[in-house]
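The values are calculated or read from the model by the stated rules, or taken from the named source; none is laboratory data. Treat the numbers as computed from the prediction; the structure is a model and nothing was measured. All Cβ positions, even for glycine, are placed from backbone atoms using ideal geometry, and neighbour counts span all protein chains on display. SASA here: full protein model, heavy atoms, side chains in, ligands and nucleic acids out. Shrake-Rupley method; radii C 1.70, N 1.55, O 1.52, S 1.80 Å.
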Amino acid sequence: MSGMPGKKAKRIEERGLKGIRDTGLDEARLRAFLAHAWHTPKGLYGWLATVDHKLIGKRYVVTAFLFLILAGLSALAMRFQLAAPEAGRISPDFYNQLFTMHGTTMMFLFAVPVMEAFTVYLVPLMIGTRNVAFPRLNAFSYWIYVSGGTMIWIAFAFNTGADAGWFSYVPLAGPDYGIGKRPDFWAQMVTYTEVSALAVAVEIIATVFKLRAPGMTLDRIPLYVWSVLVTAFVILFAMPAVMVSSTMLILDRLVGTKFFDPAAGGDALLWQHLFWFFGHPEVYIIFIPATGFVSAILPTFVRRPVFGYLGIVLSLIAIGFLSFGLWVHHMFATGLPQLGESFFTASSMMIAIPSGIQIFCWIATIWGGRPIFATPLVFVLGFIFTFVIGGMTGVMVASVPLDLQVHDTYFVVAHFHYVLVGGAVFPLLGAVYYWFPKVTGRMLSERLGHWNFWFVFLGFNLTFFPMHILGLQGMPRRIYTYPLESGWGSANLFISLSSLVLFAGFALLFLNMLLSLRNGRPAGDNPWGASTLEWATTSPPPSYNFPHLPVVTHREPLWARPDTLPVIEGLRVDAREVLGGTVADAVPQLRLPSADNSIWPLLSAIAVGGTFFASIYTPWAVVWGAIPISIGFICWFWPKGEPEDEE
Amino acid sequence: MKQRPVVDVSHLPTYDFGAASPMWWGTLAFIALEATGFALAIGTYFYLAVLARHWPIAAPAPDLAPGTAVLMILLASIVPNHLVDRWARQQDLHKVRAGMVLMTIVGILPLIVRIWEFPALRISWDQNAYGSIVWFLLALHTSHLLTDIGDTIVLAVLMFTQKGKAGRRLSDVSDNAFYWDFVVASWVVLYLVIYWAPRM
Ligand code: HEM
Ligand SMILES: [Cu+2]
């Protein structure tokens, strides 16, 4: 580390240090300066212009949960229709929109964004810095996300909801069969949310690489941060595929290109290849951060560090790599060459190994500890149980003969809900309970929390387990009704009723959040006695996160020194400044100015949004839209003239 | 929690060049994701080529002249680009100003030639899948050029204002040069695919 007090005085003279520093300031003055430098103005303007990662992260979470509710309601509507055979409650056309909106919203507008929302909120706190590396990009990505999501739901309200499945296969979504503008809204919404996911990924990579607290070497990075770093890389290499393919789709529809048209040398399977090159990693983009939640929650409640830190890090990286090898298993039923099939079967099964290692490390952690069964831990245990079942059916569908048998039946629906809900939503709910005190300063009710868990856990298993059986009996997926003679009626009624229990479980979560926001027990800085840096500051954290940036000397910084926190000094407090360090060892290198609030990310997002929207109707929108977009970006980028600039 | 200062960072600089700056990593990440997009588009090209009985489908191979001209200009631009990068790192504002003006011109030239490049493909985008993918590749690179030129122009203008005097802006110039190398490199690959793959 490079603090050399002896030479300091001389340096200050040489450079004529600018600005007021935190060195030797008393606590109250320090906080007053920082609060002024980092504050977000009150009122609407401040709300629209803020670049505080915590405000943006909270917004992201709330928005993602609103989309969860919309997607959940569409699932309930489907279950309402399917509760009885030959029920005419919902038209086939509307049913198509329902399952497409459900799947699309769950995957693109809830699951990925909610994971990113937590990342945006937590990472700077966990690595001991004041904001993400590109705060305005962060604001921009949120506005892009919310406008893209709103756009497709407004289209749905006008009976222009996407209806070709969440993967929009051509030719169903192509120019010949895709109805009206429905697939266009789908394609633009997808490109949109991917812009936002990619921006966050870039953001997180630069932040974790460069802004870690001094001393946070690679082997001291919290496992959650490792998991979102790996996820960011998966996003970087997976999301462009869906952007390329959805752009080709809209071009086929709008200006008559022939990418997917076999009559003109195109190919429908090309769509599937490109889509699943993204779509399979997508599942891991959702799942890897969820494992990060588990690795953060477990040690706190069993009161010992995670067993096998290195093993977990290597597994995360391995899962990141392997997640790309496997997309073809979504296409077994399309008749690929034999050798290819065997290869992909093998590699599909291979990903079970690093996943298994992680599970083994977690179980070993519980084994060696003294678990406290608070709600976050209970959700994690629910996760382990559910995920193991989902993983087993996954290994089953990874084998070609069985996949051909159950392909497009409810067995698959059961399997992927076990993986997605069990693998991601359970840890996510645990994470909500775990970090709610940090974010709001209040505890969630433990009693309601346990009720919440049991409703979700039982509701979930009762809803989805019977689907395995229906699938083996041959009930196809994506059907709006089924004949009376099939004998599937009573099982479906049971499933539909169970989904109400599940829904009630989520209602309990929201109820708990609303009640606790006002009446919850005050949390204090570190209510769970956890070990990572976000718990070193107050709950909720101040705008500047830490009065002095922490120094890390241990993998579990707050367990190593429970009473005093080693910190740095010498940063400016009259302007926004963060500390940059070396990538591997986090040795301090730079005092970096950090961007101030700005309205331009919002205005740029509006320009981009308007352009995308108009381009559904005319390709010229891209040309005209370039003008406001350029203006937005230039104003965003144009420096305001920091005093330090003239140094 | 009590705090104990153990490291003093007051002497650290507020900007640096290359891998020391977060912006460089951000640029690298953008390059990685754009390169992935290019790679997938190129993959699509060959996927369609393998499926087709004749490649190019119902069209002659593209006319070499304009694409090669763009290649020459872009290759030649590497020299001033690296000079600008060096001057930026030497913090020589006068040379950087001249260099940025030069890079603006060097960046606009290929865009002008490109007006002839699209017709030189000798097929329309909606004729068949071959036409679609070559237009797609060319359009990808064009939007790439356009955005980087926009960036260069804004930075060039900035250099002539008071704000250009800030050292941190010179670090931006250096990152811009880094990105330009990627624009050139990606064209070398795309040029081979668009113009020479049909001649194989
Ligand atoms: C929480 C309660 C949930 C219920 C009751 C539910 C129910 C359903 C139902 C009934 C279907 C339609 C099956 C068919 O007709 O083929 C479906 C499809 C689907 N669900 Fe869920 N789901 C839930 C949560 C989730 C979550 C959390 C995710 C993802 C994170 C998700 C992702 C999907 C996807 C991707 C599809 C496929 C849509 C398509 O075929 O286009 N679901 N779900
Ligand atoms: Cu998959």
So the angle from the long Cα axis of helix A:5-15 to the longest Cα principal axis of chain A, reported in degrees to the nearest 10, equals 90
GNM top mover of B:Arg114, B:Arg122, B:Arg169 - chain B, alpha-carbon springs below 10 Å: B:Arg122
Sorted by accessible surface (1.4 Å probe, heavy atoms of the protein chains only), largest first, A:His39, A:His53, A:His102 come out as A:His39, A:His102, A:His53
What does the accessible area of A:Glu485 come to, in Å² to the nearest 10, when a probe of 1.4 Å is used? 150
What spacing in nm lies between the two simple spin-label points modelled at B:Arg199 and A:Glu86, each 7 Å away from Cα in the Cβ direction? 6.9
Please name whichever of A:Val200, A:Pro540, A:Leu602 sits farthest to the positive end of the charge dipole of chain A, dipole taken about the Cα centre and charges placed at Cβ: Lys and Arg +1, Asp and Glu -1. A:Pro540
Given a Förster radius of 30 Å and the C-beta distance between A:Leu493 and A:Leu515 as r, what FRET efficiency does 1/(1 + (r/R0)^6) yield to the nearest 0.05? 0.35
Once all Cα-Cα distances of chain A are split into 20 Å bins that start at 0, what whole-number percent is in each one? 18, 52, 27, 3, 0
Between A:Leu66 and B:Gln91, what is the FRET efficiency for a Förster distance of 45 Å, r being their Cβ-Cβ separation, to the nearest 0.05? 0.35
Where the centre of each part is set by its Cα atoms, how far does region A:362-377 sit from region A:148-203, in angstrom? 42
Toy charge model, Lys and Arg Cβ at +1, Asp and Glu Cβ at -1: the protein assembly as shown dipole around Cα centroid in debye, rounded to 20, equals 1880
Once you charge only the Cβ atoms, +1 for Lys and Arg and -1 for Asp and Glu, what is the size of the charge dipole of region B:90-196 about its Cα centre, to the nearest 20 debye? 360
For chain A, accessible area per residue (1.4 Å probe, heavy atoms of protein chains only), Å²: 36
Roughly how big is the A-B contact, given as buried accessible area in Å² (both sides, 1.4 Å probe, nearest 100)? 5700
Let me know the charge dipole size of region A:566-647 about its Cα centre in debye, to the nearest 20, where only the beta-carbon of Lys, Arg (+1) and Asp, Glu (-1) is charged. 500
At 1.4 Å probe size, with the rest of the protein present, what percent of the exposed accessible area of region B:1-43 is carbon and sulfur atoms? 70
Express in whole angstrom the spacing between the alpha-carbon centres of region A:41-77 and region B:157-191. 35
Using a 1.4 angstrom probe on heavy atoms only, work out the carbon and sulfur share of the accessible area of region A:461-588 in %. 65
Along the Cα→Cβ direction, 7 angstrom out, place labels at A:Val587 and A:Glu485. What is the inter-label distance in nm? 7.9
Under a 1.4 angstrom probe, counting protein chains only, how are A:Met151, A:Met126 ranked by accessible area, largest first? A:Met151, A:Met126
Carbon and sulfur %, accessible surface of region A:147-269 computed with the full protein complex present, 1.4 Å: 68
To the nearest Å, what is the center-to-center distance of region A:441-477 and region A:234-311, using C-alpha atoms only? 25
For A:Lys640 and A:Ala626, compute 0.36 nm times the residue count separating them, minus their Cα-Cα distance, and round to one decimal in nm. 2.7 nm
Label-point separation in nm, B:Lys165 to A:Ala32, each point 7 Å along Cα→Cβ: 3.3
Quick check for you: with a 1.4 Å probe and neighbouring chains kept, what is the accessible area per residue of region B:11-138, in Å²? 43
Selected from B:Val134, A:Tyr284, A:Trp327, residue furthest toward positive end of dipole (the protein assembly as shown; charges at beta carbon): A:Tyr284
Can you compute the FRET efficiency between A:Arg447 and B:Ala39 using 1/(1 + (r/R0)^6), with r the Cβ-Cβ distance and R0 = 35 Å? Round to the nearest 0.05. 0.05
I'd like to know which of A:Thr365, A:Pro437, A:Val397 lies farthest towards the positive end of the charge dipole of region A:340-494, counting +1 on Cβ of Lys and Arg and -1 on Cβ of Asp and Glu. A:Pro437
Hey, if we sort A:Arg31, B:Arg97 by accessible area with the 1.4 Å probe, largest down, what's the order? A:Arg31, B:Arg97
